[in-house]
Amino acid sequence: MRQARDVLARTQEADGSWKGDYSGPLFLAPVYVAGLYVMGRSPDARLRDGLVASMRAHQNADGGWGLDVESPSLVFTTVLTYVAQRLLGVGADDPGLLRARAWFLPRGGPLGSASWGKFVLALLGLYDYAGLAPVPPEPWLLPRALPFHPSRLWCHCRMVYLPMGWLYGRRARARETPLLAELRRELYPQPYADVDWKAARGRVAGTDAYTPHGLLLRAVHRVLGLYERFHSKRLRARALEESLALIRGEDEATHFVCIGPINKVFNMVVWHVERPDGPEVRAHLERLPDYLQPTGEGITFNGYNSSQLWDTAFAVQALVASGATAGARDTLERAGRFLEAQQVLEDSPDAARHHRHPSRGGWPFSTRAHGWPISDCTAEALKACLLLEPLGLNRVPRERLEQAVAFILSLQNRDGGWATYERQRGPHWLERLNPSDVFAGIMVDPSYVECTSACVQALAAWRKAHPEAPVDRAIARGADFLRRQQRPDGSWEGAWGVCFSYGTWFGVTGLVAAGAKASDPALRRAVAFLEAHQREDGAWSETVQGCRERRWVEGRTGHAVTTSWAVLSLVAAGDADSDAARRGAAWLRARQGPRGQWPQEPLAGVFNRTCAIHYDAYLRIFPLWALSLMEAAGDGLTARGGS
Ligand code: LAN
């Protein structure tokens with residue numbers, strides 16, 4: 001534990017945060033490269049070499065690229081990565097690219113790609129707009145009260161389709177170059193002029209079709225296709241204007257960071273088309289490096305501008321659990337300053353106009369500049385502050401903690417749970433209109449076990465410090481939601497971490513925070529579930545394939561992060577002295593390397609059920625946390641004298 005604590009202390013940034021690698025998805029860097037190319041720009045030599053090296057490092061044995069660094073090949077990412085490398089100057093005769101072509105040509109090339117890939121290719125002039133399922137900007141002009149108004153979509157989804165709609169409405173397209181003409185010859189199994197674009201609209205290769213298009217979506221696409229043929233120019237102009245105003249609002253509210261990597265690039269391209277070299281383009285370019293991530297293999301594009309706040313809030317909780325000794329005090333002090341500096345202190349400008357929920361008091365996932373606070377990030381930060389308070393290290397004043405509580409309360413859904421950034425706005429059936437092919441659960445922001453548990457825990461911690469706080473009902477409703485979400489086998493399915501071990505950790509800790517006793521049948525069922533999945537060697541192990549298949553899928557070896565979540569769940573459920581918990585802790589100790597680190601293992605994060613993402617700091621945080629709680633619970637096996 002001392003060594004693990006030293007590792008955390010050593011890897012803290014000067015600003016008090018932990019800033020781990022947040023890469024993993026493989027569709028982000030190619031979109032970035034394509035965006036730059038549309039803007040007539042290219043990265044400098046160092047960046048170019050880093051990007052190419054990283055892409056090469058993640059090519060699968062079959063010649064393709066996966067949705068993320070661990071997934072099997074998709075046409076979407078394979079074609080985009082091929083194009084990105086060509087745009088970065090790699091020759092068509094490059095052995096890696098030859099293998100890629102051999103993989104994607106039999107699958108139809110761009111014609112088999114998931115929809116976002118086709119869109120990016122259309123921007124480059126490598127795919128005809130007639131071959132896209134329509135994404136017109138007009139829906140933004142519909143009455144807000146309609147259940148399918150775009151403002152009701154999950155914020156990540158609507159922020160991607162917002163600039164897409166604008167670019168689609170303008171049929172924006174890169175200036176033609178000889179390289180693009182070559183690419184049109186390289187990408188397709190048939191001559192470009194012979195492609196049947198209308199037939200290409202609904203086509204998608206089996207590898208890319210995770211979320212099939214149902215009847216409803218196909219009907220909507222037919223209607224939109226008709227509209228596209230006969231649309232009014234005036235209405236289009238108004239819709240473009242409205243979209244641009246909302247794009248500007250997003251840019252300003254996020255200081256040009258944008259909510260995520262995709263809308264960051266698309267918004268930047270929008271401004272390039274609207275006002276080349278204008279102030280918006282310059283502001284966007286300045287914030288681009290925020291997303292770049294150097295890795296052991298090269299340089300890539302992160303899934304967010306960072307995961308700093310999230311990692312820091314967890315690191316504080318692990319360090320406090322490990323006993324805030326003199327050594328950890330400085331570390332915690334700096335972390336406390338970081339938490340203080342990242343709270344969002346004001347609502348975003350003209351919030352209602354831009355369909356934004358009030359932000360004041362919340363914490364974001366990354367940094368304050370990002371400007372989009374999240375329910376569970378606020379909850380974890382609040383928990384961390386409340387742990388720092390008795391140590392004299394919390395720097396957030398009482399009034400601002402109250403604002404955080406109010407922010408959390410304002411986000412509770414009618415079903416008692418919490419979604420991510422906003423209250424649930426759209427009906428569940430909206431999910432049937434998901435046109436992404438490769439993602440699930442992108443249309444609606446419903447209540448999640450993780451967000452709900454974190455909010456319940458934070459409110460319970462707040463109530464402990466301030467027994468008069470009016471949060472009882474919110475906690476009880478949250479706990480009810482958690483109980484309803486438990487599966488018959490005793491587990492909870494996680495949405496943002498891999499997978500049932502992650503969800504179950506939140507399910508258990510949420511119920512316990514709300515007052516569930518160790519004898520509670522829900523907790524007993526959860527314990528039984530975890531025990532049933534413990535390996536011979538005492539570890540637990542889950543892979544992202546389990547998120548895709550929605551069942552427990554074991555990896556080849558035990559995973560320290562999975563094992564930590566299981567041990568943390570057992571301790572919370574009152575089973576710290578069980579055989580299962582002891583064997584789990586013993587495995588964790590044996591797995592720790594000589595310098596206090598746990599060896600790299602498969603990615604532990606996920607989004608939208610299919611894409612894995614790297615939470616670099618988890619390996620430094622969760623084993624320490626789990627061992628600390630075991631030690632505190634009196635596990636005779638831990639090296640007591642040494643900590
Ligand atoms: C994230 C990162 C943080 C994450 C937690 C706070 C951990 C979670 O508890 C709630 C959901 C949230 C906020 C989350 C949602 C999906 C995100 C934004 C990401 C995984 C980071 C990247 C991903 C985003 C959607 C990637 C871009 C791709 C699209 C499909 C738009």
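Give me the net charge of residue 151's neighbourhood, meaning all other residues with Cβ under 13 Å from the Cβ of residue 151; Lys, Arg count +1, Asp, Glu -1.
+3
What is the ratio of the Cα radius of gyration of the range 91-165 to 2.2 N^0.38 Å, with N the residue count, to two decimals?
Normalised by 2.2 N^0.38 Å, the Cα Rg of the range 91-165 equals 1.49.
Against the longest alpha carbon principal axis of the chain, how many degrees, from 0 to 90 and to the nearest 10, is the axis of helix 308-321 turned?
Approximately 10 degrees, to the nearest ten.
Ranked from highest to lowest mean number of other Cβ atoms within 10 Å per residue, what is the order of the peptides 589-599, 25-35?
Descending packing order for the listed peptides: 25-35, 589-599.
Which cross-chain or sequence-distant (5 or more) residues have an amide H under 5 Å from the amide H of residue 448, H modelled 1.01 Å from N in plane?
418, 419
How high is the relative contact order of the chain, in percent, counting Cα pairs under 8 Å that sit 6 or more residues apart? Spell out each step's value before the answer.
Numbers: 1202 pairs, mean separation 102.4, N = 643.
Relative contact order comes out at 16 percent.
Which order do the peptides 87-96, 457-466 come out in when sorted by mean C-beta neighbours inside 10 angstrom, highest first?
Descending mean neighbour count gives 457-466, 87-96.
Excluding residues on the same chain fewer than 8 positions from residue 198, give the lysines whose Cα lies under 28 Å from its Cα.
118, 233
Apply the Karplus curve 6.51 cos²θ - 1.76 cosθ + 1.60, θ = phi - 60°, to the phi angles in the range 128-141 and return the couplings in whole Hz, x for Gly and Pro.
7, 4, 5, x, 9, 5, x, 10, x, x, 4, x, 5, 8
Sorted by accessible area (1.4 Å probe), largest first, how do 567, 220, 553 line up?
Largest accessible area first, the list is 220, 553, 567.
Picking from 149, 127, 209, whose Cα lies most toward the positive end of the charge dipole for the range 77-216 (charges on Cβ: Lys, Arg +1; Asp, Glu -1)?
Going by the charge dipole, the pick is 149.
Relative to the longest principal axis of the chain, what angle (0 to 90°, nearest 10) does the C-alpha long axis of helix 45-57 take?
70 degrees
Charges only on Cβ, +1 for Lys and Arg, -1 for Asp and Glu: so what's the dipole of the chain about the Cα centre, in debye to the nearest 20?
1200 debye
Report, ordered by chain and residue number, the aspartates and glutamates lying within cross-link reach of residue 464, taken as a straight Cα distance under 13 Å and ignoring same-chain residues fewer than 8 apart.
389, 472
Residue by residue through the range 587-592, what is 3J(HN,Hα) from phi via Karplus (6.51 cos²θ - 1.76 cosθ + 1.60, θ = phi - 60°)? Round to whole Hz and write x for glycine and proline.
Per-residue couplings from phi come out as 4, 4, 5, 5, 7, 5 Hz.
Would you mind checking which residues have amide H under 5 Å from residue 497's amide H? H placed 1.01 Å from N; only 5 or more apart, or other chain.
Long-range HN contacts for residue 497: 606.
Could you tell me which trypsin sites (Lys or Arg not before Pro) in the range 540-573 are loop residues by DSSP with no more than 16 other beta carbons within 10 angstrom of their beta carbon?
When the trypsin sites (Lys or Arg not before Pro) of the range 540-573 are filtered for loop state and at most 16 Cβ neighbours within 10 Å, 550, 551, 556 remain.
Please give the charge dipole size of the range 157-314, origin at the Cα centre, charges +1 on K and R Cβ atoms and -1 on D and E Cβ atoms. Round to the nearest 20 debye.
Using only the charged Cβ atoms, the result is roughly 980 debye.
Could you work out how far helix 398-410 tilts from the main Cα principal axis of the chain, as a 0 to 90 degree angle to the nearest 10?
60 degrees
What is the set of long-range amide H partners of residue 73 at a cut-off below 5 Å, with H atoms built 1.01 Å from backbone N?
Distant-sequence amide H within range of residue 73: zero hits.
Hey, got the dipole for the range 318-427? About the Cα centre, +1 on K and R Cβ, -1 on D and E Cβ, debye to the nearest 20?
The dipole of the range 318-427 has a size of about 100 debye.
In terms of the Cα gyration tensor, with a ≥ b ≥ c the square roots of its eigenvalues, is the range 20-127 rounded because a/c is under 1.5, prolate because a/b exceeds b/c, or oblate?
It comes out rounded by the Cα gyration axes.
Tell me the per residue accessible area of the chain using a 1.4 Å probe; a whole number in Å² is fine.
About 37 Å² of surface per residue is accessible.
Do the sum for the chain: with -39,500 (n - 2.57) for every DSSP H run of n ≥ 4, divided by all residues, what is the mean residue ellipticity at 222 nm, to the nearest 500 deg cm²/dmol?
It lands at -15500 deg cm²/dmol.
So what are the ³J(HN,Hα) numbers for the range 545-555, from phi and the Karplus equation (6.51, -1.76, 1.60; θ = phi - 60°), rounded to whole Hz, Gly and Pro as x?
Once θ is set to phi - 60°, the couplings for the range 545-555 become 4, x, 5, 5, 8, 6, 8, 5, 10, 7, x Hz.
The values are calculated or read from the model by the stated rules, or taken from the named source; none is laboratory data. Predicted model only: the values in this text are computed from it and were never measured. All Cβ positions, even for glycine, are placed from backbone atoms using ideal geometry, and neighbour counts span all protein chains on display. Heavy atoms of the whole protein, side chains included, go into the accessibility calculation; ligands, DNA and RNA do not. Shrake-Rupley method; radii C 1.70, N 1.55, O 1.52, S 1.80 Å.
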